[in-house]
There are 2 protein chains.
Amino acid sequence: MADHVSGKRLQRAELARRTGCNLETIRYYEKTGMMPDPPRTASGYRVYDDAHISRLRFILRARELGFSIEQIRGLLDLVDGGTQTCAEVKERTEQHLADVRAKIADLKRIEKVLAATAAQCSGEDIPECPVLEALAS
Amino acid sequence: MADHVSGKRLQRAELARRTGCNLETIRYYEKTGMMPDPPRTASGYRVYDDAHISRLRFILRARELGFSIEQIRGLLDLVDGGTQTCAEVKERTEQHLADVRAKIADLKRIEKVLAATAAQCSGEDIPECPVLEALAS
DNA sequence: CCTTGAGTCTGTAGTTGCTACAGACCGTAG
DNA sequence: CTACGGTCTGTAGCAACTACAGACTCAAGG
């Protein structure tokens, strides 16, 4: 398998290596239709090319940014349909941004409670514990 | 079922109502050993009392604060064992606090990227989209 | 007394987003 | 030619629930 130049016709492990994606996850994305079914060798091995790398990177990047599979599927539909408008994508992104901000707010609330509770702890070797009391109250 | 006074001998739906917990989740917590198997009536109906309410509230509160089931199981072991020390609980709480803060940091990074990307959008009805390009890059 | 409707019981399947097998192939280096 | 790795498939597992189906029980109304 001479691919000493730039990535053409690689197989699964190599695609995984280049994208940092788990081996099995690639198959999962194919099964769920986010990645296209790749062509196969005569013996059934998957063969990938640069387009697959790009699409997988797109998916992984979107996952990193916290988009759900369903949301990414939506983004990919826009891309694939070729009918995407900036307005549509912007709206989805901003919706997602709002979700992320809500999540941050939630976690900050939690942080505050945890910090306040932990601060009450003597840290000593005694059975009374304000954390447990706070949880039980 | 006279329980006009304070909660004694309630059944599942009532426990759910008082704690805000989903009906099925209670059964799940029992199955996974976080809640004790409650006594039953002759015909097999579960019967709960105030101790069950407290314990369920403890679990739900800890879940709200983002503790995993496994972590809560740990906290409950400390409580149940009676051997808990404030030092142990404090340490777990602070570990969890660190996790929460890491999560906040992650989300803030994501927020920044999303906000910057969305800001580039014209919001117009054209097919070029900086968000998709950012994801694809 | 009997029916009706609501509550409860059990086990099991679905959810999301993967991850990890088992057992059967394939392909290449020694 | 054989050994060792990679690949193939389908399926089961993870967290943490949630939602059934089908059987049972219980209290109230007629």
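The values are calculated or read from the model by the stated rules, or taken from the named source; none is laboratory data. Because the structure is predicted, anything quoted here is derived from the model rather than measured. Using ideal geometry, Cβ is built from the backbone for each residue, glycine included, and neighbour counts are taken over all protein chains shown. All accessible areas refer to the heavy atoms of the entire protein, side chains included, with ligands and DNA or RNA removed. Shrake-Rupley method; radii C 1.70, N 1.55, O 1.52, S 1.80 Å.
How many residues does the range A:11-31 contain that are open to solvent by less than 40 Å² (accessible area, probe 1.4 Å) and either at pLDDT below 95 or more than 10 Å from DNA strand C (Cβ to nearest atom) (or both)? So the answer is 3.
Of everything in the range B:40-55, what is surrounded by 10 or more Cβ atoms within 10 Å (Cβ to Cβ) and either closer than 20 Å to B:Leu76 by Cα or within 9 Å of DNA strand D (Cβ to nearest atom) (or both)? Give them in sequence order. Talk me through it step by step, then tell me what you get.
Initial filter on the range B:40-55 (surrounded by 10 or more Cβ atoms within 10 Å (Cβ to Cβ)): B:40-41, B:45-55.
Answer for the range B:40-55, where residues must be surrounded by 10 or more Cβ atoms within 10 Å (Cβ to Cβ) and either closer than 20 Å to B:Leu76 by Cα or within 9 Å of DNA strand D (Cβ to nearest atom) (or both): B:Thr41, B:Tyr45, B:Tyr48, B:Asp49, B:Asp50, B:Ala51, B:His52, B:Ile53, B:Ser54, B:Arg55.
On the stretch given as the range A:25-39, residues that are more than 7 Å from DNA strand D (Cβ to nearest atom), under 20 Å from the mean Cα position of the chain (by Cα) and not hydrophobic (A, V, I, L, M, F, W, C) total 8.
For (1) in the same structural domain as B:Leu56 (by TED's automatic domain parsing); (2) under 21 Å from B:Ala136 (Cβ atoms); (3) part of a helix (DSSP H, G or I); (4) at pLDDT 90 or above, each residue gets a yes or a no:
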position: B:Gln71; (1), (2), (3), (4): yes, no, yes, no
position: B:Asp77; (1), (2), (3), (4): yes, no, yes, no
position: B:Asp80; (1), (2), (3), (4): yes, no, yes, no
position: B:Glu111; (1), (2), (3), (4): no, yes, yes, no
position: B:Asp125; (1), (2), (3), (4): no, yes, no, no
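Annotation: B:Ala42 fulfils all but one of (1) assigned to a loop (DSSP other than H, G, I, E, B); (2) in contact (Cβ under 8 Å) with a residue 12 or more places away in the chain; the unmet one is (2). In summary, A:Lys8 fulfils each of the numbered conditions (1) within 22 Å of the chain's Cα centre (by Cα); (2) surrounded by 11 or more Cβ atoms within 10 Å (Cβ to Cβ); (3) not in a helix (DSSP H, G or I) with the single exception of condition (1). The criterion of being part of a helix (DSSP H, G or I) and in contact (Cβ under 8 Å) with a residue 40 or more places away in the chain holds for A:Leu56.
Condition first: away from DNA strand D (no atom under 16 Å from the Cβ) and among the small types (Gly, Ala, Ser). Now tell me which residues in the range A:56-90 satisfy that. It would help to see each step written out before you state the result.
So in the range A:56-90, the residues away from DNA strand D (no atom under 16 Å from the Cβ) come out as A:57-62, A:64-67, A:71-90.
Across the range A:56-90, the qualifying residues are A:Ala62, A:Gly66, A:Gly74, A:Gly81, A:Gly82, A:Ala87.
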